[in-house]
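*Asks:* Before anything else, here's the structure in question.
The values are calculated or read from the model by the stated rules, or taken from the named source; none is laboratory data. The shown structure was predicted, so the numbers you read here are calculated from the model rather than taken from an experiment. With ideal geometry, Cβ positions are generated from the backbone for all residues, glycine too; neighbour counts draw on all protein chains shown. Note: accessible area is taken over every heavy atom of the protein model, side chains too, but ligands, DNA and RNA are not part of it. Shrake-Rupley method; radii C 1.70, N 1.55, O 1.52, S 1.80 Å.
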Amino acid sequence: MEKKGKYLVYNYPHPFELERGGVLPSLTIAYHTFGRLDSEKSNCIWVCHALTANSDVDDWWPNTVVDGGFLDPDKYFIVCANIIGSCYGSTGPLSVNPATGEPWYDNFPKLTIRDIVKAHILLADHLGLSSIFSLIGSSVGGFQALEWAIMQPYRFQSLVLIATDVYASPWAIAIDETQRMAIFADSTYGEKRPDAAQAGLAAARAIGLLTYRGQKGYDLTQQDSPSEDEREGVPEYHRACSYQRHQGDKLVKRFDAYSYVTILDSFDTHNVGRGRVCIPDALSKISCPVICVGITTDIIFPPEIIKKFAAMIPNATYSEISSQFGHDGFLVEYALLNSIINNFFSSVSSTN
């Protein structure tokens, strides 16, 4: 079986109309696949990635694309597409605007979560995946998975929603706006170069991390060393300070401010009830078995929110992970996730 992921690119050579009125002249979608599609085309798992991740699931979701993991490439054909608006190969702000011959930068059209899902649909149709065994999304990936399962409920045999919500809450939007404020406060934002607003982007990432880990996560991992305090008195630096700066610098090396703002903006459009009767009515359209997973210390998408919307989805169950790592628990607690999702997949397979 194919253990290593394949990086592929799909080019859609037609205008791609956007929900907020813009048009992309064409579309490029970068994606990874792992494993092989079986002869019945019945073993596909589609993963929707979160904010700054990429299509290489094995790169950012540790110990899941492994033997015995819920993304076992010996059992499943795994697909993950880089979302449009990002900077990992799909059409985004650093792509060239054919009308100008230059990158879009801050002139890139506004996207919504539904636009991102429409791009996924184009790729799934291109790959001939009329039936997908499971659609998995965590965080912003969960936004995409919810929308897609509502738009095309017939396409999925199961749905996995982790640390996510049915709409972008005022709290979540406020977090995004604070990050945008940090980026816009960098006077280089708007300059036509890919490294614009790097200081602002680093600060935005540091703000985001506070909400990803929360106090318990920081207090557990970023304590100053007692031995250093005793030897030197007041420390010259704090471990938590160096961690924030390190994480900001790490993102700057692999991401750009224009893509970050584009994705934050699309995040804020999320509401499965928008243009539909209401949120419960939209969720009622999801017909497959669903598991919704909350994390005890997640302050972005608290467990009580996930329990509430899980109760609105037909054939949905709720499971909870106890973790000290907040929202990032979906990345850290892979052993617990493997157990929960593998058991869910077994129950789905036994009823098919």
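*Asks:* Take the stretch 42-75 and flag every residue that is closer than 17 Å to residue 160 by Cβ, open to solvent by less than 20 Å² (accessible area, probe 1.4 Å) and in contact with a helix residue (DSSP H, G or I) (Cβ under 8 Å, 6 or more places away or on another chain).
*Replies:* 46, 47, 48, 49, 50, 53, 61, 64, 65, 69, 70, 71
*Asks:* Pull up the stretch 203-219, narrow it to residues that are more than 15 Å from residue 172 (Cα to Cα) and not polar (S, T, N, Q), then point me to the one that is most open to solvent (accessible area, probe 1.4 Å).
*Replies:* Start the filter on the stretch 203-219 by keeping residues that are more than 15 Å from residue 172 (Cα to Cα), which leaves 203, 206, 215-219.
In the following step, the residues that additionally are not polar (S, T, N, Q) were identified as 203, 206, 216-219.
On the way: 203: 43, 206: 19, 216: 118, 217: 1, 218: 28, 219: 75 Å².
Among those residues, the one meeting the criterion is 216.
*Asks:* Here's another thing I want to ask about it. Among the residues of the stretch 143-150, is there at least one that is crowded, with 20+ Cβ neighbours inside 10 Å and not in a helix (DSSP H, G or I)?
*Replies:* Checking the stretch 143-150: not a single residue is crowded, with 20+ Cβ neighbours inside 10 Å and not in a helix (DSSP H, G or I).
*Asks:* Write out, first by first residue and then by second, each pair whose Cβ atoms fall under 6 Å of each other, whose residues are 6+ apart or on separate chains, and whose first residue, in the stretch 6-30, is farther than 21 Å from residue 266 by Cα and part of a strand (DSSP E or B) while the second is polar (S, T, N, Q) and modelled with pLDDT of 95 or more.
*Replies:* Between residues of the stretch 6-30 that are farther than 21 Å from residue 266 by Cα and part of a strand (DSSP E or B) and residues that are polar (S, T, N, Q) and modelled with pLDDT of 95 or more, the close pairs are 6/33; 11/28.
*Asks:* Here is a further query. Do the conditions hold for residue 265, that is, is it touching a residue at least 40 places away in the same chain (Cβ under 8 Å) and open to solvent by less than 10 Å² (accessible area, probe 1.4 Å)?
*Replies:* In short, no.
*Asks:* Let me ask something additional. Given the criteria in contact (Cβ under 8 Å) with a residue 60 or more places away in the chain, open to solvent by 10 Å² or more (accessible area, probe 1.4 Å) and assigned to a loop (DSSP other than H, G, I, E, B), does residue 189 qualify? Steps first, answer last, please.
*Replies:* Numbers: in contact (Cβ under 8 Å) with a residue 60 or more places away in the chain: yes; open to solvent by 10 Å² or more (accessible area, probe 1.4 Å): yes; assigned to a loop (DSSP other than H, G, I, E, B): yes.
So residue 189 fits the description; yes.
*Asks:* Let me ask something else about it. Restricting attention to the stretch 332-352, and to residues there that are touching a residue at least 60 places away in the same chain (Cβ under 8 Å) and open to solvent by 50 Å² or more (accessible area, probe 1.4 Å), which single residue is nearest to residue 218 (Cα to Cα)?
*Replies:* Per the criteria, the residue is 334.
*Asks:* Let me ask something else about it. For the stretch 157-186, which residues satisfy the criterion of being open to solvent by less than 10 Å² (accessible area, probe 1.4 Å) and part of a strand (DSSP E or B)?
*Replies:* 159, 160, 161, 162
*Asks:* Could you figure out which of (1) surrounded by fewer than 18 Cβ atoms within 10 Å (Cβ to Cβ); (2) outside any loop (DSSP other than H, G, I, E, B); (3) not small (Gly, Ala, Ser) isn't true of residue 312?
*Replies:* Among (1) surrounded by fewer than 18 Cβ atoms within 10 Å (Cβ to Cβ); (2) outside any loop (DSSP other than H, G, I, E, B); (3) not small (Gly, Ala, Ser), residue 312 violates only (2).
*Asks:* Have a look at 64, 52, 33 and point out the one that is closer than 16 Å to residue 123 by Cα and modelled with pLDDT of 95 or more.
*Replies:* Step by step, each of 64, 52, 33 is checked, and only 33 is closer than 16 Å to residue 123 by Cα and modelled with pLDDT of 95 or more.
*Asks:* Looking only at the stretch 80-120, filter to residues that are part of a loop (DSSP other than H, G, I, E, B) and on the phi > 0 side of the Ramachandran plot; which one of those is surrounded by the most Cβ atoms within 10 Å (Cβ to Cβ)?
*Replies:* Residue satisfying both the conditions and the ranking: 85.
*Asks:* Scan the stretch 138-166 residue by residue and report those that are closer than 18 Å to residue 265 by Cα and in contact with a Lys or Arg (Cβ under 8 Å, 6 or more places away or on another chain).
*Replies:* Result: 147, single match.
*Asks:* Answer with yes or no whether residue 130 is at pLDDT 95 or above and on the phi > 0 side of the Ramachandran plot. Spell out the reasoning first.
*Replies:* On the way: at pLDDT 95 or above: yes; on the phi > 0 side of the Ramachandran plot: no.
Judged against the criteria, residue 130 is not a match.
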